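Derivation of every value follows stated rules applied to the coordinates shown; laboratory data play no part. Quick caveat: nothing in here was measured; it's all calculated off a predicted structure. Every residue, glycine among them, receives a Cβ derived from its backbone with ideal geometry; neighbour counts consider all protein chains shown.
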Amino acid sequence: MPTEHYRITNTRREFLRDAFCGFGGMAFGAMLAAQEAHAQNPLAPKKPHLPAKAKSVIFLFLSGGPSHMESFDPKPLLNKLHGQKRPASFGEAKYQFVSPTATLLGTKRTFQRYGKNGIEVSDLFPQLAQRIDDIAVIRSVHSDMVVHSAAQYQLFTGRVVPGFPSMGAWAIYGLGNESQSLPAYVVLPDPHGAQEGGMPMYSNGFLPAVYQPTMFRPGNRPVLNLDLPKGVTLDQRRKTLGLLKQLNQMDMQPDDAEFSARLNAYDLAFKMQTEAPAIFDLSNEPQETLDLYGIGKPATDDYGRRCLMARRLVEKGVRFVCPVSGGGTGNLQWDAHSDIEENHTRMAAQSDQPMAALLTDLKRRGLLDSTLVVIGGEFGRSPESEGSKGRDHHNLGYTMLMAGGGVQGGIVHGATDDIGLRAIEKPVHLRDLHATILHQLGLDQELLTYLHLGREERLTETLGTVVTDII
Amino acid sequence: MGIKLLVLGSFLFGWFAVSDTAPLGSYTQRERSHWAFVKRTTPTIPTFTNAADQTWAKTAIDAFILERLQKEGLKPAPPADRVTLARRLYFDLLGLPPSPAEVAAFINDKSSDATSKLVDKLLASPHYGERWGQHWLDVVRFAETDGFEYDTHRPDAWRYRDYVIRSFNADKPYDRFITEQLAGDEMSTNDDELLIAAGFNRLGPLRKNAGNQEVASSRNEVLTEMTNIVGAAFLGVTAGCARCHDHKFDPIRQSDYYRLQAYFAGVYENDVAKSSPAEQAAWKTKAEPLEKEIKELNGKINKITSLEDPEAASQRVALTKKLEALQDQLPAPLPALYSVKNVSEKKSPIHLLTRGEYAHKGARVGMRPLGVLLPDGAGELPETTDKPRTALAQWITDANNPLTARVMANRLWQFHFGRGLVATANDFGRMGARPSHPELLDYLANEFASCGFSIKKMHRLILLSNAYQQSSALPTDEAYQALALKKDPENKFVWRFNRQRLEAEQLRDAMLAVTGKLNPKAGGPSVMIPIDPGLVTLLYKPSQWKPAMDATEYARRSVYLIAKRNLRLPFMEVFDAPDTQASCARRESSTHAPQALELLNGSITNELAEAFAQRLESEAGANLRKQIDLGYRLTTGRAAKPAEMKAALAFLQTQPKREFALTLLNLNSFLYVN
């Protein structure tokens, strides 16, 4: 009989058992060493259910909803039909703002073919286009919500309401962390501001607090509470921790698992405090690398730094990293309601080079095979125009990219119809995307569950289908 | 299925079968006989022949516990010492530590009813409601913002929080408490307290969006929130699982779910203004020009898209500052009560919805409680029923409802012991845990129903048992310890008390209390405290975070800090406070490095450590031993042991007192209640 997660545990034996409850596939008594580690650190690495292709995930979240028609899904017919009403044969769509009388909007972008299979990419992404042979272009993604917050929740948590764990939280719940001195799941927010969905989209939901994201702040000291308080020296703090350990040990049984875990949490905290800052410091990177990411150039400096940080983190074993492109009110995201040209030209200028550099850098360091890179937003944009130059949100068919982590490069999967309205060929729902991400991490979507309010919850809710064509 | 309930149900509602709706359904004997759905038994209280057993089994609770322990080859632990018991009771009932004087008073009270007197004293304290109110706020996912993209603040939501605290302090009978929350507006349309209580129906997250509104979809979401919480909070069933399809494990059909939802078909929000028309007009005169200016300014700010261009960036900063100044000038919102009302002409037709999607309507249904607790073929309530939620509350609070009393008795047990007799307090269904002590659970539920649903009487019953007053220490006899740990590692048979880590609010409140900084002011609007600017920028609307002007407010008890869905205080979050998006039956108690970082480097602890160091010096004088001893008594309730004294003295020879004070706030014996 399953019970909800339990942590009133004073003994090591209990603690070991509880540390594993919720893992359908894991038998008690197996992997003693791993269990010992977990008793001491709930984020110690765990074995995946299946052979894993990827160890880490970097999700380059293009928030606000980038247009597929301006990027990776050219639609010549859309240009032909520019200014006309959508032919009835394409069916219906619901938008947040576009009125029923709106007409189709052709794109001003030009497309060229790149890579071994001649995949078309628009002139907004000239650098990413150079990496197309590492990228699987999924042109048939679809989801259920057409407003930001709900769509962002679905993108991250699989549910259209807040309160569920994000894929990052699920990943570290399933696999722990390879690094002892860095957080397991890191979000690098855009300094322009936050998303509509806010913190609940990244959060651990009902999973224990140990699986929460660490939200980085801008600058070289990104983690809250990792800095010593003003006027306190490291040496002084070391002595304080020494006293704390001494006093705690005087008042506990040596085999008290929970108290031991708490002692260990302080050791780990100190380790993070002393080791992590060097990893956060980009200044020891060679100039060539900084240039690769566009660091130092106004447009790309910020996202370049965050993409480089993502590489440094996965290099040290961080499980899930999410550098966010776009934040703050509408037009500071990819949310091009009023002018698709102005918005996407600016947003792509900030992100194209850093994203391409990340793929290049991961590859040359041999990290791309073990790092799954996912690129995309919470939805795409409407074939219809909003106002005269903008595009509205659109969830029936749009594009996302995957690279590395066992994903085939240089391929296109699925298709939308001829105006980019609806995914018609090999549609990939977000839950299929989630199932694929978990699968590449070696996690079985059916085994990665957590009992909450009477349900065995999982990221993919009603189960997704792994997109086997691209792996 | 109790015949009495059936008869009562027929009497109250007069079941009418309504045609052309979904079938009324039938339930198999097997479905009906699940332990939680059958009528409560009147269990026989076990008796003992051995004199020692008779002594230990002084209450019925103890008799049930002891009988089960003996059956498992286990035995109760010795009683906790007085210091431990005092600390346990204070934290349990008030969420605050006892002062050294309060511990001493309890130790020095040699009368045989010293514990009973202490329990009475604590139950009479106004802090009791602040602690136990929080438990209820967890269950009903109380928060003061909408969530979703605007996360709009509900500036009067604190009235419901204060209502809950008042209700616990007044020992409001639980049946009355349920009825007020479900149907306060139906009980009276002009009683503020009842209108506030009915705000319960609006506590869930609320999605609002600009643009083409999908009215039917939003309405469906609102009805879903209102329905699901009834199952989780009052009935301990996961009715929400039956929204999309028949429940996979429990005899709750999809039709049952929507019949429950039908009670809410006509429920709409009702903000009851508590200001005069003149005040409202004055408010409008003052606010409207400011709001217009704010809107224009927002437009300007949003046009600045480049932060790379220093000129644009500085312009943006300047405009944002101006915006904030304008926002500060806005008059405080006029008081209102958040309540609900029945609007019969806007009643939503309730249909079964395929996969829960509002667009996929199936058969239409009317009001009916859960079918598995009714006779087969029981009809729906007439659509014209005058006070639908009152009718639902009557069914829920009927003394013979098999779920309600069991669910609440179990919650009370869980909050005292850290673990319920049913480990899954919101799920008494088949996927939930079975009761560890079914007879004890029925005994407690019977007592609860027969004592007029008095929660304070239940506290007394439980707290004055030997079972509650056991030590949490492991048995000293090593062979027996090994046996007990092997047989029952989770301690579900209660062979000792469960050591518990302080919950987030208890921990922060205790730090404020021991450092002498606690502002005990009760009630009123919630407080925002200053937080790291980096966190504020994680809000979609950073201007929503407005720390209180009066800094003494920052030291209020945690239950008075704002519960904002899209920004939880890091301190609360890291120590497992629930996310307020869904009902939380029981908090996690996790142990991880960010907790250590928060307590070592966080601003809350470090500011308080400074104050604590000063308090030790000012109250204990210059003598270091006395300072150390006072520090231990304040944080752990006991004196420092000689070895501890020695280590602390050595440390203080070279290190500053604030570092010692910080150490005390990090001690396991401070963080845990034995």
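Run the helix sum for the protein assembly as shown: -39,500 (n - 2.57) per DSSP H stretch of 4+ residues, divided by residue count, reported at 222 nm to the nearest 500 deg cm²/dmol. Walk me through the numbers before you get to the answer.
Working: 41 runs with 473 residues, N = 1145.
That comes out to -12500 deg cm²/dmol.
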- Query: So how long is each side of chain B along the principal axes, counting just the alpha-carbon atoms, biggest first, in Å?
  - Reply: 83, 79, 44
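Taking every eigenvalue of the Cα gyration tensor of region B:394-545, multiplying by 5 and rooting it, what semi-axes result, largest first, whole Å?
The three semi-axes for region B:394-545 are 35, 25, 18 Å.
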- Find, to one decimal place in angstroms, the Kirkwood hydrodynamic radius of region B:277-334, where the mean of 1/r is taken over every pair of different Cα atoms and then inverted. 12.6 Å
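R0 = 35 Å: FRET efficiency of A:L463 with A:D267, Cβ-based, nearest 0.05? Intermediate values should be presented prior to the final figure.
Values: r = 40 Å, r/R0 = 1.15.
Working from the Cβ atoms, E equals 0.30.
Among the DSSP beta bridges whose two residues both lie in chain B, what percent are antiparallel, rounded to the nearest 5? Kindly include the intermediate steps, with their values, before the conclusion.
Working: 14 of 16 bridges.
In chain B, DSSP labels about 90 percent of beta bridges as antiparallel.
Assuming 0.36 nm per residue, please report the length gained on full extension of the stretch B:Q614 to B:A336 beyond their Cα-Cα distance. Display every interim value, and only then the final one.
Working: separation 278, 0.36 × 278 = 100.08 nm, distance 4.29 nm.
95.8 nm is the gain from fully extending B:Q614 to B:A336.
Grab the other residues whose beta carbon is less than 9 angstrom from that of A:A102, score K and R as +1, D and E as -1, and report the net.
On the way: positive: A:K85, A:R86; negative: A:E384, A:E386, A:D392.
Counting the neighbours of A:A102, the net charge comes to -1.
Given N residues in region B:233-308, what is Rg(Cα) / (2.2 N^0.38 Å)? Before the final figure, lay out each step's value.
Working: Rg = 24.2 Å, N = 76, 2.2 N^0.38 = 11.4 Å.
Scaled against compact globular proteins, the figure is 2.12.
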- Whole-Å semi-axes of chain A's equivalent ellipsoid, largest first, each the root of 5 times a Cα gyration tensor eigenvalue? 41, 25, 19
- Note on the structure: Hydrodynamic calc, region B:501-673: Kirkwood Rh from Cα pairs, then Stokes-Einstein at 37 °C with viscosity 0.692 mPa s, so D in µm² s⁻¹ is 189 µm²/s
- For A:E288, placing the label point 7 angstrom along Cα-to-beta-carbon and taking region A:358-375, residues whose amide nitrogen sits under 17 Å are A:358-367
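Can you sort B:W56, A:W334 by how many other beta carbons sit within 10 Å, fewest first?
B:W56, A:W334
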- Give a quick list of GluC sites (Glu not before Pro) in region B:608-638 that DSSP marks as loop, anything other than H, G, I, E or B, with at most 16 other Cβ atoms within 10 Å. none
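Mind checking region A:205-307 for trypsin sites (Lys or Arg not before Pro) that DSSP puts in a loop (not H, G, I, E or B) and that have at most 14 other Cβ atoms within 10 Å? Write down the numbers at each step before the final one.
Details: sites: A:K230, A:R237, A:R238, A:K239, A:K245, A:R262, A:K271, A:R305, A:R306; in loops: A:K230.
Filter output for region A:205-307: A:K230.
Using DSSP to call loops (not H, G, I, E or B), can you name the trypsin sites (Lys or Arg not before Pro) in region A:97-147 whose Cβ has at most 10 other Cβ atoms within 10 angstrom?
Details: sites: A:K108, A:R109, A:R113, A:K116, A:R131, A:R139; in loops: A:K108, A:R109, A:K116, A:R131.
Here the sparse-neighbourhood loop sites are A:K116.
Please give me the summed charge of the neighbours of A:K363: other residues whose Cβ is under 12 Å from its Cβ, Lys and Arg +1, Asp and Glu -1.
0
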- Message: Using +1 at the C-beta of Lys and Arg and -1 at the C-beta of Asp and Glu, which of A:N41, A:F97, A:T460 has the Cα lying farthest in the positive direction of the dipole of chain A?
- Response: A:N41
- Query: Just going by the charge dipole of the protein assembly as shown, with Lys and Arg at +1 and Asp and Glu at -1 on Cβ, which of B:I462, B:N566, B:A363 is farthest out on the positive end?
  - Reply: B:I462
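Given B:K292/B:K322; A:K245/B:K486; A:K230/B:K321; B:K284/B:K564; A:K297/A:K363; A:K75/A:K389, which pairs have Cα atoms separated by over 19 Å?
On the way: B:K292/B:K322 14 Å; A:K245/B:K486 29 Å; A:K230/B:K321 28 Å; B:K284/B:K564 27 Å; A:K297/A:K363 23 Å; A:K75/A:K389 17 Å.
Among B:K292/B:K322; A:K245/B:K486; A:K230/B:K321; B:K284/B:K564; A:K297/A:K363; A:K75/A:K389, the Cα-Cα distance tops 19 Å for A:K245/B:K486; A:K230/B:K321; B:K284/B:K564; A:K297/A:K363.
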- Which whole-angstrom value gives the distance between the alpha carbon centres of region A:60-76 and region A:328-352? 11 Å
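Note down the magnitude of the dipole of region A:379-443 about its Cα centre, charges +1 on Lys and Arg C-beta and -1 on Asp and Glu C-beta and zero elsewhere, to the nearest 20 debye. Before the final figure, lay out each step's value.
Details: 6 positive and 7 negative charges, 33 e Å.
Approximately 160 debye in magnitude.
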- Given a cut-off of under 8 Å on Cα pairs at least six residues apart, what relative contact order in percent is computed for chain A? 30 percent
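Based on Cβ point charges of +1 for Lys and Arg and -1 for Asp and Glu, what charge dipole magnitude is obtained for region B:277-334 about its Cα centre, in debye rounded to the nearest 20?
On the way: 9 positive and 10 negative charges, 25 e Å.
Taking the Cα centre of region B:277-334 as origin, the dipole is about 120 debye.
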- Task: Taking 7 Å along the Cα-to-C-beta vector as the label spot, tell me the B:T49-B:D113 distance in nanometres, rounded to one decimal.
- Result: 3.5 nm
- Task: Could you list which residues have their amide H under 5 Å from that of B:L502, counting only those 5 or more apart in sequence or on another chain, with H placed in the peptide plane?
- Result: B:Y672, B:V673
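Hey, what did region B:277-334 get for relative contact order, percent, Cα under 8 Å, at least 6 apart?
Working: 27 pairs, mean separation 29.1, N = 58.
It rounds to 50 percent for region B:277-334.
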- Give, as a single signed number, the net charge of other residues whose beta carbon lies under 15 Å from the beta carbon of B:A393, with Lys and Arg counted +1 and Asp and Glu -1. -1
- Once you charge only the Cβ atoms, +1 for Lys and Arg and -1 for Asp and Glu, what is the size of the charge dipole of region B:501-673 about its Cα centre, to the nearest 20 debye? 280 debye
- Message: Out of all DSSP beta bridges in the protein assembly as shown, what portion is antiparallel? Express it as a percent rounded to 5.
- Response: 60 percent
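In whole angstrom, how long is each semi-axis of the equivalent ellipsoid of the protein assembly as shown, when you take the square root of 5 times every eigenvalue of its Cα gyration tensor and sort them from largest down?
Details: eigenvalues 448, 288, 173 Å².
Three semi-axes, in Å: 47, 38, 29.
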- Task: With r as the distance between the Cβ atoms of A:E342 and B:Q280 and R0 = 35 Å, compute the FRET efficiency 1/(1 + (r/R0)^6) and round to 0.05.
- Result: 0.25
- Can you find, among B:A332, B:A312, B:A282, the residue farthest towards the positive end of the dipole of region B:277-334? Put +1 on the C-beta of Lys and Arg, -1 on that of Asp and Glu. B:A282
